[in-house]
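K.L.:
A single structure is presented below for examination.
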Ligand SMILES: [Zn+2]
């Protein structure tokens, strides 16, 4: 199996009309490095794409995209470039990127041109930005690629911000993370441009310190939150049902919290993020994490505070 570390350059529309075309980000360049299973660089790939939608380059983007007009005019149409890329990728590979957005935008561009998607549902990938944070920081901070390169003392022999160069540096960081803490690779990510189609396609992964679940699509939030599999709380250490001490409550309509308790392993903090798809449906990303009693108490306080705020709001409304 190979690792395909890739990066994209794109042009962005700042007009609402263009956003409504369904393609807010038009990809202009794909750059990639192929690593074998020992993480040795075995090949490189680079293709420039001729813009079809946004023929002017946004001023803001121009500062980021370091490409000339001539270069773009001589580029290939997206479907041809993309097929070349896929052929180059081969059959057995894991995609690796810096951050979380490139696979979604790649698939959005593919859908725009009526191409087959990369997968029928969520697509497993490696987020090297997350790996860097897990290996060298707290696992939460998100650093710029150049910051990571500087931190690791990687030689800056290429400029930044061209797709190939950024893919090259991302691959370098990946190599370093892997030799320092190879188990970081367990912390896989999923691109959910296409949510699970059915219950059997839903994703459930147990990481060492938390579990993650990605649900199928639901027509609305209420149906989603009331689904038994969405609302259930299982301890990821012993796989047993953990009854809820504080039932799921919404913070802002997007995030929900709960506290469950496993007799053997203690308190579990539950968090649900409600995600909207391009079609207006909803799917759920649920995480469960073993926490201390104090951390569980914080959630209880959060709920109390919300209740207080809501009742004050109601009272203020009545008085007006
Ligand atoms: Zn347990």
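The values are calculated or read from the model by the stated rules, or taken from the named source; none is laboratory data. These numbers were taken from a predicted model, which means no experiment stands behind them. Neighbour counts are summed over all protein chains in view; Cβ atoms, including those assigned to glycine, are modelled from backbone coordinates with ideal geometry.
K.L.:
Residues that are buried (at least 16 other Cβ atoms within 10 Å of the Cβ), assigned by TED's automatic domain parsing to the domain that holds residue 145, farther than 25 Å from residue 120 by Cα and at pLDDT below 85: does region 62-71 have at least one? So that I can check it myself, show each step before the final result.
P.N.:
We begin by selecting, within region 62-71, every residue buried (at least 16 other Cβ atoms within 10 Å of the Cβ); these are 65, 67.
Narrowing the set further to residues that are assigned by TED's automatic domain parsing to the domain that holds residue 145 leaves 65, 67.
Still in the list and also farther than 25 Å from residue 120 by Cα: 65, 67.
With at pLDDT below 85 added as a condition, the list becomes 65, 67.
Checking region 62-71: at least one residue is buried (at least 16 other Cβ atoms within 10 Å of the Cβ), assigned by TED's automatic domain parsing to the domain that holds residue 145, farther than 25 Å from residue 120 by Cα and at pLDDT below 85.
K.L.:
Pick out, from region 82-151, the helices (runs of 4 or more DSSP H) lying fully within it that include 3 or more residues that are over 28 Å from residue 179 (Cα atoms) and assigned by TED's automatic domain parsing to the domain that holds residue 30.
P.N.:
Answer list for region 82-151: 102-112.
K.L.:
Enumerate the pairs (first residue in region 170-193 and at positive phi; second residue anywhere and part of a helix (DSSP H, G or I)) with beta-carbon separation below 7 Å, excluding pairs fewer than 6 apart on the same chain, so at least 6 apart or on different chains.
P.N.:
none
K.L.:
Residue check, residue 204 against (1) in the same structural domain as residue 269 (by TED's automatic domain parsing); (2) in contact (Cβ under 8 Å) with a residue 24 or more places away in the chain; (3) touching a strand residue (DSSP E or B) at 6+ places or on another chain (Cβ under 6 Å), all met but one. Which one?
P.N.:
(2)
K.L.:
Of all the residues that make up region 221-266, how many are within 16 Å of the ligand (Cβ to nearest atom) and either more than 27 Å from the chain's Cα centre (by Cα) or not assigned by TED's automatic domain parsing to the domain that holds residue 301 (or both)?
P.N.:
So the answer is 13.
K.L.:
Yes or no: residue 273 under 18 Å from residue 192 (Cβ atoms) and surrounded by fewer than 17 Cβ atoms within 10 Å (Cβ to Cβ)? Outline the logic, then answer.
P.N.:
Values: under 18 Å from residue 192 (Cβ atoms): yes; surrounded by fewer than 17 Cβ atoms within 10 Å (Cβ to Cβ): yes.
Taking the combined requirement at face value, the residue satisfies it.
Yes/no per residue for (1) out of contact with any helix residue (DSSP H, G or I) (no Cβ under 8 Å at 6 or more places or on another chain); (2) surrounded by fewer than 20 Cβ atoms within 10 Å (Cβ to Cβ):
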position: 137; (1), (2): yes, yes
position: 154; (1), (2): no, yes
position: 184; (1), (2): no, no
position: 232; (1), (2): yes, yes
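K.L.:
Can you name the number of the only condition in (1) more than 16 Å from the ligand (Cβ to nearest atom); (2) assigned by TED's automatic domain parsing to the domain that holds residue 207; (3) free of Cβ contacts under 8 Å to residues at least 60 places away in the same chain that residue 319 fails?
P.N.:
(2)
K.L.:
What's the number of the only condition in (1) crowded, with 18+ Cβ neighbours inside 10 Å; (2) more than 15 Å from the ligand (Cβ to nearest atom); (3) at pLDDT 95 or above; (4) not in a strand (DSSP E or B) that residue 212 fails to meet?
P.N.:
(4)
K.L.:
Here is a further query. Quick one: residue 194 ticks every box in (1) in a loop (DSSP other than H, G, I, E, B); (2) assigned by TED's automatic domain parsing to the domain that holds residue 129 except a single one, so which number is it?
P.N.:
Status for residue 194: all satisfied but (2).
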